[in-house]
1. Within segment 1-19, can you find the residues that are without any contact (Cβ under 8 Å) to a residue 12 or more places away in the chain and either outside any loop (DSSP other than H, G, I, E, B) or polar (S, T, N, Q) (or both)?
2. Pick from segment 20-34 the residues that are assigned to a loop (DSSP other than H, G, I, E, B) and among the aliphatic types (A, V, I, L, M): which of them is surrounded by the fewest Cβ atoms within 10 Å (Cβ to Cβ)?
3. Of the residues S41, S37, only one is at pLDDT below 95 and surrounded by 12 or more Cβ atoms within 10 Å (Cβ to Cβ); which?
4. How about segment 20-47: which of its residues are of a type in the set (A, V, I, L, M, F, W, C) and touching a residue at least 12 places away in the same chain (Cβ under 8 Å)?
Amino acid sequence: MSKEKVAFITGAGRGIGAATAKELAGMGIKVAINYLSDHKSADQVVN
């Protein structure tokens with residue numbers, strides 16, 4: 001059984017949360033992001 005690593009990051013649309021999401025994704029970890037109101041910034045992080 002393979003164990004995939006998954007991270008759920010709140011506030012990942014900007015700042016430290018965005019940087020953390022990008023870093024973890026770059027390490028091959030699946031990342032779910034959450035944001036309060038700035039969907040454009042969150043979309044940029046996802047892309």
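1. Within segment 1-19, S2, G15, I16, A19 meet the criteria.
2. Residue satisfying both the conditions and the ranking: M27.
3. Going through S41, S37 in turn, just one is at pLDDT below 95 and surrounded by 12 or more Cβ atoms within 10 Å (Cβ to Cβ): S41.
4. A21, L24, I29, V31, A32, I33, L36, A42, V45, V46
The values are calculated or read from the model by the stated rules, or taken from the named source; none is laboratory data. Just so you know, these numbers come straight off a predicted model, no measurement behind them. So basically every Cβ, Gly included, is an ideal-geometry build from the backbone, and we count neighbours across all protein chains shown.
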